[in-house]
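The values are calculated or read from the model by the stated rules, or taken from the named source; none is laboratory data. None of these values were measured; they are calculated from a predicted model. Here the Cβ is made from the backbone with ideal geometry for all residues, glycine too, and neighbour counts use every protein chain on show.
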Amino acid sequence: MATTRQEKGKTGDIVFNLINYTVFTIFTIACIYPFYYLFINTISENSLVQRGLITFIPRGIHLTNYVALAEVNELGTSFLVTVARTVIGTGLMVVVSAFAGYLVTRREMQHRTFWYRFLIITMYFNAGLIPWYLTMSMLGLTNNFLGYIIPTIVAPFNVILVKTYVESIPVELEESAFIDGAGYLKVFRYIIWPLSKPILATIAVFGAVGHWNSFMDSLILMQGAPHLQTVQHRLFNYLNQNTNLEAIMGRSGIVQDMLNTKVIKYTISMVTIIPILMVYPYMQKYFERGIMLGAVKG
Amino acid sequence: MDVYGPRNIITRFFEHCVKILVFLSAVMMFFPTMNPARVTELINRTISLFTSAVSYSRLTAEAVRAIRLGWVMENNFTFILLASMVICLAIFGALLGAGLSTGNLRLKRLAYKLTLGGGVGQILGLLGIYFVYLRLWESANLERVLPQISSGFGVYLAIASATVFLSLAVLALTPKAAADMPYEMERSKQLVLMYLPFAALVFVFSYLPLWGWRYAFFDYRPGVTALTAENFVGLKWFAFLFQNPATLNDIVRVMRNTLIMSTLGLATSWLPMVFAMFLVEAKSARFKRFVQTFTTIPNFISWVLVYGLALAIFSTDGFVNSLLLNLGLRTQPINYLMGDSFIWLKMWAWGTWKGLGWSAIIYIATISSIDPTLYESATVDGAGRFQKMRYITLPSLMPTYFVLLIMAVAAFLSNGMEQYLVFENSTNTAKITVLDLYVYQLGIKNGVIPLSTLIGMVKSLVSLVLLFSVNRLSKMVRGESIF
């Protein structure tokens, strides 16, 4: 009796595992195969790609598509703009979130609850897209690089993350520094900042990905300044315009072989994915910590 | 010294006046009607003093032709920009002073020296603008240039003069601080002072737009009509929404799409939880790592790139068609991204593809924090795999699930628009346009500002009501809430 039950359990186990592993494997492949497909099509013989013959294995490997892309000036400008906003925007955002997050942990702050709520409410309530756009326009932040930076400096969610983290640092550390005559800035610089590195790395990574992927603000704010479009915006334009693409390629004197909109679209897509894929393995732990911390209440 | 003496009461009154004046000048900096730098008709009515100081292109937007034709000297505009910058910097200096004025006597004296300096700086900047105004009279085409002194100029001059006068009075009325007195401020106020610049940014980008709601009550067309009393139409646009058949039709259609997409999302909101519960059942740690790593990647690419991938896989010359054609299973390619068949399901599928692995992480982490002895004792009691999942794992995930569910219900009207914007085309627009995308198309693309503002306003208010009711309900039913 006992043995049959065990036997039954075993076959049940095997069937369960088989189904379980298969379903997860299929979903995982569905998640990564598109990236792989895109990639092999950018490095394979372009004529084969054109005929749709590259599906699983790359053939006739070459890198001329990527080399040719480097000659497209527009794309270079977009890269510069996006890298600039990623570096500057993320840097400012991290410093400000860290400092503001620290300030709101200090209980002696006058009207602390009010100031904290003043910030948090904006996560749940906003005026809407159009009034925001009109405000940006009124401030002169449309068609202006600063339009990418200034509105993103204070991120309420990141302030919450830092606040929660700083609250877990033993308060005695700060108190002893205060007794030694240190002010808030000094305590922040020499105690809070170094000890909060893990959470700051997390928000930096999220901020950087957000800036790199930014598309809507470029679309809405930079209508009159094509030279300030981000890479995602530029990519979106390319994906939707066949004639324009070939014109661009013709202008920059790219080999006839490249006159293939499909390959061009693939290559540009790949170029904008590569930075994310390259940093992803190193950043994964920060991403995961981010969502865990995000689960805490505001 | 007698704190309540008449001399002190007057000093305090003056101090408050200075602070109010400085605050006023700072706020006015963002209001186009108060722009003192508008000394010619060539400067647009919609730009504020702050804009004049930061954006040369906005300042000269309407003067480009006049400058090219030689009607007006370009360096006048450079000078206006510089003078505006001086005024803005002076205002920031005065603001800093107003902030520091909460400190001890020594700091207070420094503070009112700063507001004094700020006032003087503003006057110098205003003089600069006046100088440009005089020079503008020498322009070649006076009829087009129309030199003028705006009402903001007078107001600013009055405020700056009053600031200077009152700061001087405060300085004269307060005793000099001993040279060895340290600069000090109460700690509770120091904290507020350091926090204020950030609060100001939040105010400008999150609260100031609320003032833009007034557009919903005006007959406003960009560049044609302005926000003036005769264009005030009250609730006309509310009525328009229901009376104009075309608009009503649009709204009904858009609401249908929004509700369907949100309902699909809510109905499958348990998927990440189940994903996590089954993934942890896999024995191999390496397999789990592998699945987790690769299923979270799609979350970190933009919707534009998702669209790029969708093109590569599903367009006429994409993966699916190439494979089927080359295998001879089909003779004509089908573009799966065109047409509106199953579009809601397709959008849901892309959303799930992008977010499932990522959303599961939080549940996976919660499961790993469950006390393992619970499972051990359940095993001893003869519980099977599914029983353990049902009676141990699931109940421990429920609190997290409910918090996320509350958030999802509160965001019922906000599907985000990036996804729908990138996938939208003429063949599927009727079924893909959700509320957020509709507001974008109406307001930004077509420039119908009042109506799009109104719709966004109603949406914000309804979302707020939803958030509070769901939170309330959850508190009553489960004793859990997000705030």
Of the residues B:217, B:198, which single one is touching a strand residue (DSSP E or B) at 6+ places or on another chain (Cβ under 9 Å) and buried (at least 17 other Cβ atoms within 10 Å of the Cβ)? B:217
If I ask for residues that are surrounded by fewer than 18 Cβ atoms within 10 Å (Cβ to Cβ) and part of a loop (DSSP other than H, G, I, E, B), which ones from region B:318-334 would you list? B:327, B:328, B:329, B:330, B:331, B:332, B:333, B:334
Of the numbered conditions (1) modelled with pLDDT of 85 or more; (2) over 30 Å from residue A:187 (Cα atoms), residue B:191 fails exactly one; give the number of that condition. (2)
Looking at residue A:117, is it out of contact with any helix residue (DSSP H, G or I) (no Cβ under 7 Å at 6 or more places or on another chain) and either at pLDDT below 90 or outside any helix (DSSP H, G or I) (or both)? no
Give the residue, chosen from B:129, B:123, that is surrounded by 21 or more Cβ atoms within 10 Å (Cβ to Cβ), assigned to a helix (DSSP H, G or I) and assigned by TED's automatic domain parsing to the domain that holds residue B:28. B:129
For the condition within 29 Å of the chain's Cα centre (by Cα), within 12 Å of chain A (Cβ to nearest Cβ), β-branched (Val, Ile, Thr) and surrounded by 13 or more Cβ atoms within 10 Å (Cβ to Cβ), what is the one hit in B:366, B:400? B:400
On the basis of being free of Cβ contacts under 8 Å to residues at least 24 places away in the same chain, within 30 Å of residue B:175 (Cβ to Cβ) and either more than 14 Å from chain A (Cβ to nearest Cβ) or surrounded by fewer than 24 Cβ atoms within 10 Å (Cβ to Cβ) (or both), does residue B:100 make the cut? no
Counting just the residues of region B:272-295 that are hydroxyl-bearing (Ser, Thr, Tyr) and within 7 Å of chain A (Cβ to nearest Cβ), which one comes out surrounded by the most Cβ atoms within 10 Å (Cβ to Cβ)? B:295
Might you check whether a residue that is within 14 Å of chain A (Cβ to nearest Cβ) and among the hydrophobic types (A, V, I, L, M, F, W, C) occurs anywhere in region B:168-189? yes
Yes or no: residue A:57 of a type in the set (Val, Ile, Thr) and outside any loop (DSSP other than H, G, I, E, B)? no
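So that you can scan it fast, the table gives a plain yes or no per residue for (1) at the interface with chain B (Cβ under 8 Å from one of its Cβ atoms); (2) outside any helix (DSSP H, G or I); (3) surrounded by 18 or more Cβ atoms within 10 Å (Cβ to Cβ):
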{"position": "A:20", "(1), (2), (3)": "yes, no, no"}
{"position": "A:28", "(1), (2), (3)": "yes, no, yes"}
{"position": "A:36", "(1), (2), (3)": "no, no, no"}
{"position": "A:62", "(1), (2), (3)": "no, yes, no"}
{"position": "A:83", "(1), (2), (3)": "no, no, no"}
{"position": "A:87", "(1), (2), (3)": "no, no, no"}
Extreme residue, farthest from the chain's Cα centre (by Cα), among residues of region A:38-53 that are hydrophobic (A, V, I, L, M, F, W, C) and facing another protein chain (nearest Cβ under 8 Å): A:53
For region B:15-24, state whether one or more residues are within 14 Å of another protein chain (Cβ to nearest Cβ) and assigned to a helix (DSSP H, G or I). no
Number of positions in region A:204-225 that are part of a helix (DSSP H, G or I) and at pLDDT below 90: 2
Specify which of the listed residues (A:265, A:297) is among the charged types (D, E, K, R), modelled with pLDDT of 85 or more and either on the phi < 0 side of the Ramachandran plot or part of a helix (DSSP H, G or I) (or both). A:265
Any idea which of B:234, B:265 is of a type in the set (Gly, Ala, Ser), out of contact with any His (no Cβ under 7 Å at 6 or more places or on another chain) and not in a helix (DSSP H, G or I)? B:234
Please go through region B:297-317 and pick out each residue that is within 27 Å of residue A:276 (Cβ to Cβ) and either in contact with a His (Cβ under 9 Å, 6 or more places away or on another chain) or not in a helix (DSSP H, G or I) (or both). B:301, B:302, B:304, B:315, B:317
Any helices (runs of 4 or more DSSP H) falling wholly within region B:409-455 and containing at least 3 residues that are farther than 20 Å from residue A:125 by Cβ and either outside the structural domain of residue B:335 (by TED's automatic domain parsing) or without any contact (Cβ under 8 Å) to a residue 12 or more places away in the chain (or both): none
Please verify whether region B:36-46 includes one or more residues that are under 30 Å from residue B:173 (Cβ atoms) and either in a helix (DSSP H, G or I) or within 24 Å of the chain's Cα centre (by Cα) (or both). no
Counted residues in region B:428-483 being under 25 Å from residue B:211 (Cβ atoms), more than 10 Å from chain A (Cβ to nearest Cβ) and hydroxyl-bearing (Ser, Thr, Tyr) come to 1
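For the subset of region B:335-354 comprising residues that are surrounded by 14 or more Cβ atoms within 10 Å (Cβ to Cβ) and part of a loop (DSSP other than H, G, I, E, B), which member is nearest to the other protein chains (Cβ to nearest Cβ)?
B:337
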Count, please, the residues in region A:101-138 that happen to be more than 7 Å from chain B (Cβ to nearest Cβ) and within 30 Å of residue B:443 (Cα to Cα). 5
Restricted to region A:156-190, and to residues that are among the hydrophobic types (A, V, I, L, M, F, W, C) and within 23 Å of residue B:183 (Cβ to Cβ), which residue is surrounded by the fewest Cβ atoms within 10 Å (Cβ to Cβ)? A:179
Within region A:152-164, identify whether any single residue is within 12 Å of another protein chain (Cβ to nearest Cβ) and hydroxyl-bearing (Ser, Thr, Tyr), and answer yes or no. yes
